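Please read the structure below before turning to the comments.
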Amino acid sequence: MAKLKKELEGLNHLLESYLDAKNTYVHISEEEHNLDIKRFYNTQITLRNKFVNDLTGIIRSLGGKPRVTSVIGSVQRNFSDIVSSIIQLDSKKALNKSLKKDGGCITIANELIKNSELPNEIIATLFSQRSRIIEACETAQDFLVSVKNRGHMKVVGLNTSL
């Protein structure tokens with residue numbers, strides 16, 4: 001029972017991270033003027049919605065209650081939204097922000113995949129989601145390289161290995 005509770009906590013943490021990443025994509029999509037990047041963001045929003053729905057079903061199938069937000073996560077998101085609304089992000093900063101959020105999702109998924117005793121079909125779902133996020137990060141990094149007037153930019157490094 002304690003092991004299942006720990007597994008559910010990890011899955012809920014990943015669920016919150018997916019929601020946070022989705023909300024980041026929603027916010028930066030609203031500010032983006034480059035149509036190719038905006039299309040990329042909208043694709044990621046749709047993908048994160050699917051991940052949230054899949055993970056919500058997994059948590060329920062294990063007898064858990066999906067946690068769609070935490071007090072700390074909510075406070076952090078609200079603060080981040082306030083700061084972001086005051087300071088408009090340019091494409092480079094927005095892409096880096098999305099990479100950072102997705103990097104967090106990858107890290108949590110890696111931990112669950114490596115350290116969990118979840119059924120194989122759930123591990124396969126997490127692995128598939130992680131792979132899709134890695135692909136999104138690679139696309140975002142390609143956009144970073146192609147953004148006009150790029151000057152000096154810092155690309156967030158991601159640990160995508162298990």
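The values are calculated or read from the model by the stated rules, or taken from the named source; none is laboratory data. These numbers were taken from a predicted model, which means no experiment stands behind them. Methodologically, a virtual Cβ is constructed for each residue, glycine included, from the backbone with ideal geometry; neighbour enumeration extends over all protein chains shown.
Taking segment 49-74 as the search range and keeping residues that are part of a loop (DSSP other than H, G, I, E, B) and over 14 Å from Lys22 (Cα atoms), which one is modelled with the lowest pLDDT?
For segment 49-74, the residue satisfying everything is Ser70.
Before we move on, is Asp36 part of a helix (DSSP H, G or I) and exposed (fewer than 14 other Cβ atoms within 10 Å of the Cβ)?
The answer is yes for Asp36.
How do the pairs read when you match residues in segment 40-63 that are under 28 Å from Asp142 (Cα atoms) with residues anywhere that are aliphatic (A, V, I, L, M), using Cβ under 7 Å and keeping only pairs 6 or more apart or on different chains?
Tyr41/Ile28; Gln44/Ala136; Ile45/Val26; Arg48/Ala21; Val52/Leu15; Val52/Leu19
Under 6 Å between Cβ atoms, which residue pairs at least 6 apart in sequence (or on different chains) link something in segment 11-29 that is outside any helix (DSSP H, G or I) with a partner that is crowded, with 22+ Cβ neighbours inside 10 Å and among the acidic types (Asp, Glu)?
The qualifying pairs do not exist here.
Are any of the residues in segment 13-26 more than 14 Å from the chain's Cα centre (by Cα) and either on the phi < 0 side of the Ramachandran plot or surrounded by fewer than 18 Cβ atoms within 10 Å (Cβ to Cβ) (or both)?
No - not one qualifying residue is present in segment 13-26.
Would a scan of segment 75-98 turn up a residue that is under 18 Å from the mean Cα position of the chain (by Cα), modelled with pLDDT of 65 or more and among the aliphatic types (A, V, I, L, M)?
Within segment 75-98 (the criterion being under 18 Å from the mean Cα position of the chain (by Cα), modelled with pLDDT of 65 or more and among the aliphatic types (A, V, I, L, M)), the answer is yes, since at least one residue qualifies.
Taking Thr43 as the residue in question, decide whether it is surrounded by fewer than 17 Cβ atoms within 10 Å (Cβ to Cβ) and in a helix (DSSP H, G or I).
For Thr43, the condition - surrounded by fewer than 17 Cβ atoms within 10 Å (Cβ to Cβ) and in a helix (DSSP H, G or I) - is met.
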